[in-house]
Amino acid sequence: MKTIKVKNWVFLCLVYALLSLVALISIFPIYHMFNVSFKPRAILYEFTLLPLPPTIENYILLFEGTLMFRWLLNTFAYAGTVALLTIIVDSMTAYCLSKATFPGRDLIFTIILAAMMVPGQVTLIPRFIMFRYMNLINTFWGLLLPGIASPFGVFLLRQYMLALPSDILDSGRIDGCSEWQVFWKIAFPLSRPAIATVAALKFISHWNTFLWPLIVMTTQDNYTVPVGLATLSWWGGSDWGVMMAGSAISVIPTLAIFIIFQKYILAGLTLRRVQLKM
Amino acid sequence: MASKSEIKRKKVYYFMITPFFILFTICILIPIGYAFYISFFRWSGVTIESTFVGLENYIDMFSDPLFWKCAQNTVIFTAGFLLLTTALSLMLALALNKIMRGTVLFRTMSFIPYVTSSAVIAIVWRLMFDHAYGVLNIILESLGLPRVLWLSKDMAIYSCLLVSVWQNLGYYTVLLLAGLQTIPDVYYDAAKVDGAGGGVIFKEITLPLLKPTLFMVIALETLSSFFVYDIVYTLTQGGPGYASTTLMYYLYRRGFINFYFGYASAIGIFLAAIGFIVVMFQRRYIGRPVAQF
């Protein structure tokens, strides 16, 4: 009995050692980015674990020498607007597809599901050509419209709304709510966890997204942060100190949102239900 | 009277669904059909003139040595990604499922790379890959090993693979962990009572019950690695030469650098066909739709 206990204990230690190693490897590059960004420029290329003495020189050079501030504003506006419009547009759709019956409902849902099975990459070139005809290239709307019609958002919200008790919605109808009020005053607030999931995921994924902004935005002042930094790192002639400062700033919003909304994000990604706290 | 209010009620639904449906039609439905159409035309540069060439783009594609070079890179990348990510994330998920304390902390830390933009990640890794002052070579040297040219012709695609596995590991671990947590403890308890060892328990209980999740993870891995693009763009620009160009990056180059829209669209259809097969396969065996954000 005692040997089993010792064996278990050793095993657990190994498990913890493995997990610690992975956690360390996972965050080291992110740490390294912050580390280098605060290093004095004289020792930029020397390997030290701490940026001593710390300096914000790189950040000053970043904001003075590049359009980083503009890119941050663009990306906030882009990711924020997509997240906001998505939860409104997608939740309306999800409500109709889950709690309403009308002719054509099942057909619409089938079309959405079928389209989810086609990889989005195939739509890239046709969408670009269509947007060029519509004069949407290098515009804010051209950038954000494709992000809003998110089948996955509809799917996730629909799953959640399906499980809302119909009695609550009916009692609203009996009390004289119009169908719009039933949605906006009852179903929408009750779906808060799913809405938080979709909003957080949308913000993070569009903050990070690369391909569409790269293609649709053609002038530097319209770039988003990832596109701006990538261009800068290849053709901008900036050094690593400036690049690391830009990278470090750009991860802060997504890190913050991930840590705050972690429970909802993980539930959404694993399609689990988060219990609503009343 | 009742039917009149009923009709009014139903009308509201159509209004509520309209914004989504318009965007969905413009951004997804029409482009899917239009993609086929474009792939039968030759586009001259950035102008809007095009001539019908039938299947010529597809013929060009299959006889283009660069296309096959990129296909080879993509297959290496996808196979490596599938193998490494599945093995490592399964190991991590099992470890996280074993421990009593610290699950959330470890999970959060390993998940952080996944919520960071690939563009930014590639920039940091390029610094770490640097031959002279990169951290990786400094570590190798302190261990008495020779320095590695991480982004050279022979290594570039593997370096992209390494960064991609590092970035996505936490995500697949979370998915597998969620799958593991749905397995009821009673099965394990019963097996232990019967005197089953760890290996037997894993093979007879964990693996069969985890199969749906595992299939989903493998499908997601295949899709995301087969279409890999942003890591390649920022880490190597597909280079040196075409040494690390994947098919999706090749599509971008042909489409948006050379403006061969027809040719690029043919590549897109080819990629979508492969993706579609993976999704169909996955749906057939699990029946839950796969989607990525």
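A:Thr86 fulfils the conditions (1) among the hydroxyl-bearing types (Ser, Thr, Tyr); (2) closer than 21 Å to B:Glu6 by Cβ; (3) at pLDDT 90 or above except for a single criterion, (2). Taken over region A:60-78, the residue count meeting the criterion of being of a type in the set (Val, Ile, Thr), part of a helix (DSSP H, G or I) and in contact (Cβ under 8 Å) with a residue 24 or more places away in the chain is 1. Screening A:Val118 on (1) in contact (Cβ under 8 Å) with a residue 40 or more places away in the chain; (2) within 23 Å of the chain's Cα centre (by Cα); (3) not in a helix (DSSP H, G or I) shows it passes everything except condition (1).
With the condition kept exactly as written, say whether any residue in region B:241-263 is touching a Pro at 6+ places or on another chain (Cβ under 7 Å), in a helix (DSSP H, G or I), within 9 Å of chain A (Cβ to nearest Cβ) and modelled with pLDDT of 85 or more. No: zero hits. Scanning region A:48-61 for residues that are surrounded by fewer than 15 Cβ atoms within 10 Å (Cβ to Cβ) and of a type outside the set (Ser, Thr, Tyr) gives A:Leu49, A:Leu50, A:Leu52, A:Pro53, A:Pro54, A:Ile56, A:Ile60. Scanning region A:216-272 for residues that are farther than 25 Å from A:Phe155 by Cβ and assigned to a loop (DSSP other than H, G, I, E, B) gives A:Met217, A:Thr218, A:Thr219, A:Tyr223, A:Thr224, A:Gly237, A:Ser238, A:Asp239. Considering the conditions (1) hydroxyl-bearing (Ser, Thr, Tyr); (2) surrounded by fewer than 19 Cβ atoms within 10 Å (Cβ to Cβ); (3) under 30 Å from the mean Cα position of the chain (by Cα), A:Ser26 is excluded by exactly one of them, (2).
So, A:Ile125, is that one in contact with a Ser or Thr (Cβ under 6 Å, 6 or more places away or on another chain), without any contact (Cβ under 8 Å) to a residue 40 or more places away in the chain and assigned to a helix (DSSP H, G or I) or not? Yes, satisfied. Residues of region A:91-108 that are facing chain B (nearest Cβ under 9 Å), without any contact (Cβ under 8 Å) to a residue 60 or more places away in the chain and not aliphatic (A, V, I, L, M): A:Cys96, A:Thr101, A:Phe102, A:Pro103, A:Gly104, A:Arg105. Of all the listed residues (A:Ile88, A:Ile111), the sole one being surrounded by fewer than 19 Cβ atoms within 10 Å (Cβ to Cβ), within 23 Å of the chain's Cα centre (by Cα) and within 11 Å of chain B (Cβ to nearest Cβ) is A:Ile88.
Residue pairs whose Cβ atoms lie under 7 Å apart, separated by 6 or more positions or on different chains, with the first residue in region A:187-210 and more than 8 Å from chain B (Cβ to nearest Cβ) and of a type in the set (Phe, Trp, Tyr) and the second part of a helix (DSSP H, G or I) and surrounded by 23 or more Cβ atoms within 10 Å (Cβ to Cβ), are A:Phe188/A:Ser91; A:Phe203/A:Ala79; A:Phe203/A:Ala83.
The values are calculated or read from the model by the stated rules, or taken from the named source; none is laboratory data. This structure is a prediction, so every number in the text was calculated from the model and none was measured. Note: ideal-geometry Cβ built from the backbone for every residue, glycine included; neighbour counts use all protein chains shown.
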